[in-house]
Amino acid sequence: MANQSRRDFMRNSLLGMAALPLGAGILSKSAFADSLPRLDPSAPEAEALNYVEDASDASDHPAYEEGERCDNCMFYTEANEGCSLFPENSVEPAGWCQSWVEMG
């Protein structure tokens, strides 16, 4: 009986050690996601979608409607102020772009 418990312990320990690199990879990706660089409004991808850091600056754009902001768009991720349209950057929560879609 004692040998069985020892075998179980060794097997579980080895499995746990094998999973460590996977866990470290997951942790480093989430840490990276928490510190995305802010999107520059003059970047080509931002200009292509008429991104502005202050939604009121888009009031003359035909697609803009009062109350539309990055932080109430379906593409926005609150945890890291990210946007799935600009996956390598964070966006200003009060910003806007022409691809805004109501969260729902």
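The values are calculated or read from the model by the stated rules, or taken from the named source; none is laboratory data. What you see is a predicted model, and the numbers here were worked out from it, not measured in a lab. Don't worry about glycine lacking a Cβ; one is built from the backbone with ideal geometry, like all the others, and counts go over all protein chains shown. Heavy atoms of the whole protein, side chains included, go into the accessibility calculation; ligands, DNA and RNA do not. Shrake-Rupley method; radii C 1.70, N 1.55, O 1.52, S 1.80 Å.
Restricting attention to region 81-97, which residues are surrounded by 15 or more Cβ atoms within 10 Å (Cβ to Cβ) and not aromatic (Phe, Trp, Tyr)?
In the first step, residues of region 81-97 are kept if they are surrounded by 15 or more Cβ atoms within 10 Å (Cβ to Cβ); the result is 81-83, 85-86, 89-93, 95-97.
Correct list: Glu81, Gly82, Cys83, Leu85, Asn89, Ser90, Val91, Glu92, Pro93, Gly95, Cys97.
Here is a check on your reading of the model: is Ser56 modelled with pLDDT under 95, of a type outside the set (A, V, I, L, M) and either outside any loop (DSSP other than H, G, I, E, B) or over 16 Å from the mean Cα position of the chain (by Cα) (or both)? Reasoning before the result, please.
Numbers: modelled with pLDDT under 95: no; of a type outside the set (A, V, I, L, M): yes; either outside any loop (DSSP other than H, G, I, E, B) or over 16 Å from the mean Cα position of the chain (by Cα) (or both): yes.
In short, no.
Within region 56-80, work out how many residues are more than 12 Å from Ser99 (Cβ to Cβ), in contact with a helix residue (DSSP H, G or I) (Cβ under 8 Å, 6 or more places away or on another chain) and not polar (S, T, N, Q).
4
In region 55-104, how many residues are without any contact (Cβ under 8 Å) to a residue 12 or more places away in the chain, closer than 19 Å to Ser42 by Cβ and small (Gly, Ala, Ser)?
Matching residues across region 55-104 total 1.
Cβ contacts < 8 Å: first residue within 15 Å of Asp57 (Cα to Cα), restricted to region 35-47; second residue assigned to a loop (DSSP other than H, G, I, E, B) and open to solvent by 50 Å² or more (accessible area, probe 1.4 Å), any location; separation 6+ or different chain. Result?
Pro41/Glu53; Ala46/Asp40
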